[in-house]
Amino acid sequence: MSAGMDAAAAADRRRVQRAALRAGAWVGAASSAVLAVVIAIIVAVMFASARVERVPHGGRGGGRRELVIELDGLVPVAVVATAGTTITGAVDPLDAIADVCEELGVWMHVDGAYGLPASSTPTAGPLFAGLARADSASVDAHKWMFVPKACSVLLVRDQENLTRAFRHDASYMVEEEGFRHPVDGTLEYSRPFRSLKLWTALRAHGADAFRDAIERNLLLARHLHALAVEHPRFEPLLPSADLSIVPLRRIPSSGDVDAHNMALAREMQVDGRVYVTSAVIDGTACLRPCIVNYRTRTEDVESILAVADELGSRLETA
């Protein structure tokens, strides 16, 4: 969450002061944005006349420009685009959002907490077109860069925006001329050395090893999606697996499909052979396999449907 708060504060510093002098300010975030992003925005602008607007996800970005124009009575502070939602892996049309942000002079932040590492792969890279135009982007390395929790990264186009937002003059802090002090670029003052684990992993294995592992995860997700399409008792909720999340559900011979899948997720967790969480997407309950482990093999993915079908059959006869 701290990375999102730092980005929101940088955007807030640049625009919210004059925004608060008018009718108010707003920050746009996708309706599927993770809770941490919304909390971070609220904290960053809590002392200004500002609010968070949840932007409906209309297909591949339909409605976003219209919402910006309709709210032009307020002063836009920032738009938070999502690069891989944590529930389905959907990626916002970053180029189209960047067009609007550039036209109105609005800060564009990309929340890539889960999905951003996939932008480095040949399979998923094209989904992230426009990423380079963002003012800032955040990623949780503990989600899909294979390091222990917690390790979040904030990337900014211009580091001076962070410095202007957080710089202070405390006489008890000794700062040498020409040395950028870490506290001048973040909300956190005292904090652990979280980045060491990621730095060490990259130094030990190299970026290509990370990229290759993520690519394998993507291909395994596509394999699982294809298996669900072919299986007579399963159906995927999405037409394709863009990233490594494959929402799917088992169709029982009778009864409530949603209740069956929620119960099935609990049974799979108790069983322990594979661990799959449940989710509710647009009112539909489902299983939500998410492949983010570099050790995951083809046989592991194939066992998901085998175990789910076995336990689902038991539920039907219980």
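Non-local amide H neighbours of ILE281 (under 5 Å, H modeled in plane, Pro and chain starts lacking H): which ones?
CYS286
Tell me the net charge near ALA226. Cut-off is 15 Å between Cβ atoms, ALA226 excluded, with +1 for each Lys or Arg and -1 for each Asp or Glu.
Its environment carries a net charge of -3.
Among CYS151, CYS286, CYS101, which comes first, then next, by fewest other beta-carbon atoms within 10 Å?
CYS151, CYS101, CYS286
Would you work out the relative contact order for region 208-313, in percent, from Cα pairs under 8 angstrom that are 6 or more residues apart?
That works out to 29 percent.
Sort LEU104, LEU315, LEU248 so the one with the fewest other Cβ atoms within 10 Å of its own Cβ comes first.
Ordered from fewest to most neighbouring Cβ atoms within 10 Å, LEU104, LEU315, LEU248 come out as LEU104, LEU315, LEU248.
Which ordering of TYR294, TYR189 is given by a fewest-first count of other beta-carbon atoms within 10 Å?
If I rank by nearby Cβ atoms, fewest first, I get TYR189, TYR294.
Give me the net charge of PRO122's neighbourhood, meaning all other residues with Cβ under 10 Å from the Cβ of PRO122; Lys, Arg count +1, Asp, Glu -1.
0
Whole-Hz Karplus ³J(HN,Hα) for region 83-93, in order, using 6.51 cos²θ - 1.76 cosθ + 1.60 and θ = phi - 60°, x for Gly and Pro?
Going residue by residue, I get 10, x, 5, 7, 9, 10, x, 5, 10, 5, x Hz, with x marking Gly and Pro.
How long is the gain from ARG167 to ARG266 if the chain were fully straight, where each residue apart is worth 0.36 nm and the alpha carbon distance is subtracted?
My answer for the length gained is 30.8 nm.
Calculate, in nm to one decimal, what HIS205 and ASP99 gain on full extension: separation in residues at 0.36 nm each, minus their alpha carbon distance.
34.5 nm
Provide the per-residue ³J(HN,Hα) series for region 278-283, in order, calculated from phi with Karplus coefficients 6.51, -1.76, 1.60 and θ = phi - 60°, each as a whole number of Hz, with x at glycine and proline positions.
With the stated coefficients, region 278-283 comes to 9, 7, 10, 10, 6, x Hz.
Could you give the length gained on full extension between VAL183 and ASP282, defined as 0.36 nm per residue of separation minus the Cα-Cα distance, in nm?
31.5 nm
Karplus couplings for region 197-214 from phi (6.51 cos²θ - 1.76 cosθ + 1.60, θ = phi - 60°), rounded to Hz, Gly and Pro as x?
Each residue of region 197-214 in turn: 5, 6, 4, 5, 5, 5, 5, 6, 10, x, 5, 4, 5, 5, 4, 5, 5, 5 Hz.
Bear in mind these aren't lab numbers, they're just calculated from the coordinates by the rules spelled out. On a predicted model such as this, the values are computed, not experimentally measured, just so you know. Don't worry about glycine lacking a Cβ; one is built from the backbone with ideal geometry, like all the others, and counts go over all protein chains shown.
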